[in-house]
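See structure below.
The values are calculated or read from the model by the stated rules, or taken from the named source; none is laboratory data. Only a predicted model underlies this, so the values are computations on that prediction, with no experimental measurement involved. Every residue, glycine among them, receives a Cβ derived from its backbone with ideal geometry; neighbour counts consider all protein chains shown. Note: areas computed on protein heavy atoms with side chains; ligands, DNA, RNA excluded. Shrake-Rupley method; radii C 1.70, N 1.55, O 1.52, S 1.80 Å.
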Amino acid sequence: MNSDLPESAPAPTPEAAEAAAGPVAAPAADATAELKALFPALFTGKPKPVKLRIQADIQERAPGRFTKAQLSAFLRRHTGGTGYLIALTQAKTRFDLDGNPAGEITEEHLAAAREELARRKGVQQERQQLEVQQRRNRAQLLWDFERTTLTEANFCVLKGVVPEELPGLLEIARKERAEAPPAPPREARRDGPPREARRDGPPRRDERRPGGGGRPDGRSEGRPEGRREGGRPPQRQGRKPDQPRRDQAAGKPQAPQAQETREALPPEDQTAA
């Protein structure tokens, strides 16, 4: 007998078929409690992989105390639990009734245990996703029902809900809404500390020296006096030094000051000029 077959194995064990055709077995709880009391090293505490053909060892150690159907039902439940399958994938050997190592675990049994664990994990994830989606659907149904102006019959038609099931769904939704944890305060949802607390730390560049600008005289740091923003010095107003020559070449009249200076010169100097 391979007692490592999970409860959901497609092919029943010979003991399971015998239990179905034989006499009615005693309650499983009675057999479980008695087996744990007789063999605590194997059946109590953390699950341990049991020795193959362990049923024959039990019959030999406790003759006549259990029927084959009782032992088959107990071992089928014991070896089909998720905790037992996890222990089977982590252990290196099997154990006998006294808790001593008794045989190695084959790769075939390890592969079967890992496959069953993966299947159960997938089923559990699907069930959780389904429960979350159903909860959201009920919450949305309650939200729409409390704000609709339709009659209850028209509302059921719109939502595709059987009228007889609507009160029960709404009651479950109200209970779930009441049990839901309260939303966090608005201030607690912000990332990081409040704005006042963020100012704690090294001062900014313009706060390192008195005056706010970073220099004792109050001028902006990094820009020399008399220099405009952008890096260019301010230009002086008025004509450029060579502006009279340009005006004379263009035929423009000279400035009055230049004409007076020409008239004040002697004739020979005016000719030279």
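In segment 46-75, what residues are among the aromatic types (Phe, Trp, Tyr) and over 49 Å from the mean Cα position of the chain (by Cα)?
Passing the criteria: only Phe66.
Looking at (1) open to solvent by 30 Å² or more (accessible area, probe 1.4 Å); (2) of a type in the set (Val, Ile, Thr); (3) in contact with a helix residue (DSSP H, G or I) (Cβ under 9 Å, 6 or more places away or on another chain), which is the one condition that is false for Ile105?
Unmet for Ile105, out of (1) open to solvent by 30 Å² or more (accessible area, probe 1.4 Å); (2) of a type in the set (Val, Ile, Thr); (3) in contact with a helix residue (DSSP H, G or I) (Cβ under 9 Å, 6 or more places away or on another chain): (1).
Please enumerate the residues belonging to segment 40-63 that are of a type outside the set (Asp, Glu) and assigned to a helix (DSSP H, G or I).
Pro40, Ala41, Leu42, Phe43, Ile54, Gln55, Ala56, Ile58, Gln59, Arg61
Filtering segment 83-102 down to residues that are part of a helix (DSSP H, G or I) and without any contact (Cβ under 8 Å) to a residue 60 or more places away in the chain, which residue is most open to solvent (accessible area, probe 1.4 Å)?
Gln90
Determine whether segment 75-96 contains at least one residue that is hydrophobic (A, V, I, L, M, F, W, C) and under 30 Å from Ala173 (Cβ atoms).
No, the conditions are met nowhere in segment 75-96.
Within segment 36-51, does at least one residue satisfy the condition of being closer than 23 Å to Leu88 by Cα, in contact with a Leu (Cβ under 9 Å, 6 or more places away or on another chain), surrounded by 15 or more Cβ atoms within 10 Å (Cβ to Cβ) and modelled with pLDDT under 50?
The answer is no, given that none of the residues of segment 36-51 is closer than 23 Å to Leu88 by Cα, in contact with a Leu (Cβ under 9 Å, 6 or more places away or on another chain), surrounded by 15 or more Cβ atoms within 10 Å (Cβ to Cβ) and modelled with pLDDT under 50.
Somewhere in segment 5-13, is a residue modelled with pLDDT under 95 and more than 41 Å from the chain's Cα centre (by Cα)?
Yes, segment 5-13 contains at least one residue that is modelled with pLDDT under 95 and more than 41 Å from the chain's Cα centre (by Cα).
Across segment 125-164, what is the total count of residues that are β-branched (Val, Ile, Thr) and open to solvent by 100 Å² or more (accessible area, probe 1.4 Å)?
Result for segment 125-164: 2.
Taking the condition over 30 Å from Thr82 (Cβ atoms), in a loop (DSSP other than H, G, I, E, B) and either at pLDDT below 55 or under 23 Å from the mean Cα position of the chain (by Cα) (or both), does Pro182 pass?
Yes: the conditions hold for Pro182.
Go through segment 56-82 and give me each residue that's open to solvent by 70 Å² or more (accessible area, probe 1.4 Å) and over 26 Å from Arg120 (Cβ atoms).
Result: Glu60, Arg61, Pro63, Gly64, Arg65, Lys68.
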